[in-house]
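Down below is the structure, laid out as structure tokens.
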């Protein structure tokens, strides 16, 4: 009997090895034995899926510890004065994320969705985040705007939000970056 990693829901290269043993996997036995094998395989699949979840959580904790983690999100409360096309994000002068948006993605953001643009590690201390937003502005003219935030990273997790909003006072979109408390 051969069990592939795909049938167990395990990603290739995870280094996971399974040893199958016991009377349920014996070749002699008939229909009852076949049911026992199927139940054993289903139990193993469930265990592998749970193990895969646990490994993913452990990997996230190791790669992005809470003491150094920073997350940057994008929200869009626009649509009348800006048709979002792309966003580029720099942290301390290095480009860490760049996205081009489809119409469907823009519609999801305009309906209140929020996108996680970036998750990474930063040392405690002062940092600078800059967001560049491009799209079609009023009168179908190309629109580009940048926003910068200098913030002090403490020992906990930091969360920042890039907000793209319509500003009706001058019929222009506004881009700002705010730090979540």
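Tallying residues that are part of a strand (DSSP E or B) and over 18 Å from residue 75 (Cβ atoms) within the stretch 131-149 yields 3. Evaluate the stretch 164-176: report whether one residue or more is surrounded by fewer than 16 Cβ atoms within 10 Å (Cβ to Cβ), over 26 Å from residue 65 (Cα atoms), modelled with pLDDT under 90 and in contact with a helix residue (DSSP H, G or I) (Cβ under 6 Å, 6 or more places away or on another chain). Within the stretch 164-176 (the criterion being surrounded by fewer than 16 Cβ atoms within 10 Å (Cβ to Cβ), over 26 Å from residue 65 (Cα atoms), modelled with pLDDT under 90 and in contact with a helix residue (DSSP H, G or I) (Cβ under 6 Å, 6 or more places away or on another chain)), the answer is yes, since at least one residue qualifies.
The residues listed here are 117, 109; of these, the one that is touching a residue at least 12 places away in the same chain (Cβ under 8 Å), surrounded by 18 or more Cβ atoms within 10 Å (Cβ to Cβ), part of a strand (DSSP E or B) and in contact with a strand residue (DSSP E or B) (Cβ under 8 Å, 6 or more places away or on another chain) is 117. Contact map, the stretch 83-95: first residue exposed (fewer than 11 other Cβ atoms within 10 Å of the Cβ), second residue part of a strand (DSSP E or B), Cβ cut-off under 8 Å, separation 6 or more or different chains; pairs are 93/128.
A single entry from 181, 128, 174, 152 fulfils the requirement of being free of Cβ contacts under 8 Å to residues at least 40 places away in the same chain and outside any strand (DSSP E or B): 181.
Only one of the listed residues (124, 130, 155, 148) is surrounded by fewer than 16 Cβ atoms within 10 Å (Cβ to Cβ) and under 22 Å from residue 83 (Cα atoms). That residue is 148. The set of residues in the stretch 64-81 being at pLDDT below 90, under 23 Å from residue 152 (Cβ atoms) and surrounded by 12 or more Cβ atoms within 10 Å (Cβ to Cβ) consists of 64, 67, 68, 69. Out of 84, 8, 25, 20, one residue alone is under 30 Å from residue 112 (Cα atoms), at pLDDT below 95 and in contact with a helix residue (DSSP H, G or I) (Cβ under 9 Å, 6 or more places away or on another chain). It is 84.
Only one of the numbered conditions (1) in contact with a helix residue (DSSP H, G or I) (Cβ under 9 Å, 6 or more places away or on another chain); (2) modelled with pLDDT of 90 or more; (3) farther than 14 Å from residue 75 by Cα is not met by residue 121, and that is (2).
The values are calculated or read from the model by the stated rules, or taken from the named source; none is laboratory data. From a predicted model like this one, the values you see are computed outputs, not experimental measurements. Note that each Cβ is placed from the backbone with ideal geometry, even for glycine, and that neighbours are counted across all protein chains shown.
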